[in-house]
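The values are calculated or read from the model by the stated rules, or taken from the named source; none is laboratory data. Only a predicted model underlies this, so the values are computations on that prediction, with no experimental measurement involved. Here Cβ is always computed from backbone atoms with ideal geometry, including for glycine, and neighbour counts include all displayed protein chains. Keep in mind that these areas ignore ligands, DNA and RNA; they rest on the heavy atoms of the full protein, side chains included. Shrake-Rupley method; radii C 1.70, N 1.55, O 1.52, S 1.80 Å.
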Amino acid sequence: MHKPLSPGKTIGILGGGQLGRMTALAAANFGYRCYIMEPQRNCPASFVSAGHLTAEYDSEAALLKFASQVDVVTLEFENVPVKSLKFLESQVPVYPGPQALEISQDRVREKSFLNDQGIETAPWAPVKNAEDLDIAVDKIGRPSVLKTTRFGYDGKGQAKIGPETDAIAAWREVGSGYCILEGFVDFTMEISVIVARSVTGEIKAYEPVENRHANHILDETHVPASITAEQTEQAMEIATKAVEAMDLVGLLAVEMFVAADGRILVNEVAPRPHNSGHWTMDACVTSQFEQLVRAVCGLPLGSTQRLGRAKMKNLLGRDVHKWEEYLAEPGAHLHLYGKADVKAGRKMGHVNWLFQDDDA
Ligand code: AMP
């Protein structure tokens with residue numbers, strides 16, 4: 001039996017962005033303190049946490065100091081070096097652990113792992129050199145998408161290979177490094193499921209949501225997703241299978257495509273709170289951030305029940321200047337991340353709406 005972490009204890013969070021900030025706010029509601037480790041000064045999470053260690057993730061001295069201040073460690077940034085997590089794990093419980101990150105940090109490992117569990121993805125092939133690229137384009141066909149295996153996000157490190165594209169030029173465009181070539185999925189919708197798994201092994205998934213992107217960045221999330229009951233069940237089963245197989249404690253966000261023929265294919269997984277789960281803050285019994293705290297502290301998981309139909313809109317870049325308009329709108333729930341510099345495409349905040357109508 002795992003003893004739950006009692007209120008007053010300290011949760012260490014690797015990464016100090018908005019996901020860390022909202023996790024720290026949720027943790028505070030249960031009387032926990034949060035201590036952030038993040039190289040950037042004045043990061044969003046630092047303003048709402050008991051402490052902030054400004055240090056690089058690969059500094060052993062800093063990791064030791066961090067471990068000495070906290071009772072459990074979680075993360076909001078999945079590109080923390082696996083070596084650092086392994087080191088931290090020798091000092092203090094770390095959820096999710098290094099094995100989950102090893103899978104999610106690398107698109108080839110991720111897709112191999114998912115396929116090994118019988119979870120369907122787009123067809124894919126690894127590309128390490130120009131010869132592999134030729135073989136991969138022959139095997140996967142066109143159109144396809146070439147992606148760097150590591151450090152890609154919001155469409156960065158990706159190039160589409162259309163009927164006329166010079167594949168080598170596309171590979172150069174993404175840095176000529178280790179890549180994956182994926183078949184281009186003819187999808188009708190992008191959905192995601194967030195699933196929590198606690199230290200005790202308890203699992204709870206939120207229902208699938210529909211994600212609409214603009215310029216490769218999440219723009220809006222709509223709940224419920226307009227998919228069939230079978231697809232809803234299937235998407236939740238896939239997420240549950242993945243979190244169990246990864247032996248992950250914490251949250252796993254599973255991004256999926258609903259293909260034109262109705263199949264559900266996994267695009268990628270993220271072992272942390274996810275932008276497509278922000279709606280849960282105002283439209284679910286338990287928010288994804290509270291659920292993460294519950295999972296890593298060994299508390300019972302909260303209900304994932306939805307309170308109505310919901311929508312989330314990201315405030316990207318200058319959208320944030322409309323904050324007063326949103327505040328004046330009845331029923332709009334505004335969340336700002338405390339970022340000083342407004343840059344194009346930067347996630348500055350989001351707005352949630354909960355609707356009590358017949359569609360709920
Ligand atoms: P990713 O960084 O893998 O999440 O990709 C960013 C976005 O690019 C996705 O949300 C999709 O809109 C699009 N995309 C990525 N991979 C594919 C694919 N294999 N087929 C079609 N669209 C894709």
First compute the accessible area of region 207-301 with a 1.4 Å probe, then give the percent of it belonging to carbon and sulfur atoms. 46 percent
Pop out the carbon and sulfur fraction of the accessible area of region 10-94 as a percent, whole number, probe 1.4 Å. 45 percent
Can you compute the modelled spin-label distance between Phe151 and His2, with each label point 7 Å from Cα toward Cβ, in nm? 3.2 nm
Please tell me which of these pairs span more than 26 angstrom C-alpha to C-alpha: Lys86/Lys160; Lys311/Lys347; Lys3/Lys65; Lys111/Lys160? Lys86/Lys160
The answer for the chain, accessible area per residue at 1.4 Å probe in Å², is 44 Å²
Using the Karplus curve 6.51 cos²θ - 1.76 cosθ + 1.60 with θ = phi - 60°, what ³J(HN,Hα) values do you get for each residue of region 190-199, in whole Hz, with x for Gly and Pro? 9, 10, 8, 10, 10, 10, 10, 10, 8, 3
For region 102-174, state which GluC sites (Glu not before Pro) are in a DSSP loop and have at most 11 other beta carbons lying within 10 Å of their beta carbon. Glu164
Could you order the peptides 325-338, 58-71, 26-39 from most to least packed, using the average number of other C-beta atoms within 10 Å per residue? 26-39, 58-71, 325-338
Pairwise centroid distance, computed over Cα atoms, of region 1-28 with region 104-160, Å: 34 Å
Over 26 Å apart: what share of the alpha carbon pairs of region 187-355 falls there, rounded to a whole percent? 29 percent
Using the Kirkwood radius over Cα pairs, work out the Stokes-Einstein diffusion coefficient for region 10-94 at 25 °C and 0.890 mPa s, in µm²/s as a whole number. 200 µm²/s
Taking the Cα atoms of region 221-261, what is the range of coordinates along each of the three principal axes, in descending order and whole Å? 30, 21, 16
Dipole magnitude of region 260-335 about its Cα centre (Cβ charges: Lys, Arg +1; Asp, Glu -1), debye to nearest 20: 180 debye
Built amide H within the under 5 Å cut-off of Ile161, gap 5+: Ser144, Val145, Leu146
Quick one: compute a quarter of the convex hull surface over the Cα atoms of region 60-157 and quote it in nm². 8.2 nm²
Approximate shape of the chain as ellipsoid semi-axes (Cα gyration tensor, √5λ), whole Å, largest first: 31, 25, 21
For region 123-183, the accessible surface attributable to carbon and sulfur atoms (probe 1.4 angstrom, ligands and nucleic acids excluded) amounts in percent to 51 percent
Give the ranking of Lys347, Lys147 by solvent-accessible surface, highest area first, calculated with a 1.4 Å probe. Lys347, Lys147
Within the set of other residues whose C-beta is less than 13 Å from the C-beta of Ile227, count the net charge using Lys and Arg as +1 and Asp and Glu as -1. -4
For region 123-183, the fraction of alpha-carbon pairs in successive 10 Å shells from zero, as %: 27, 64, 10
Sort out for me the Cα centre separation of region 241-312 from region 168-202, rounded to whole Å. 16 Å
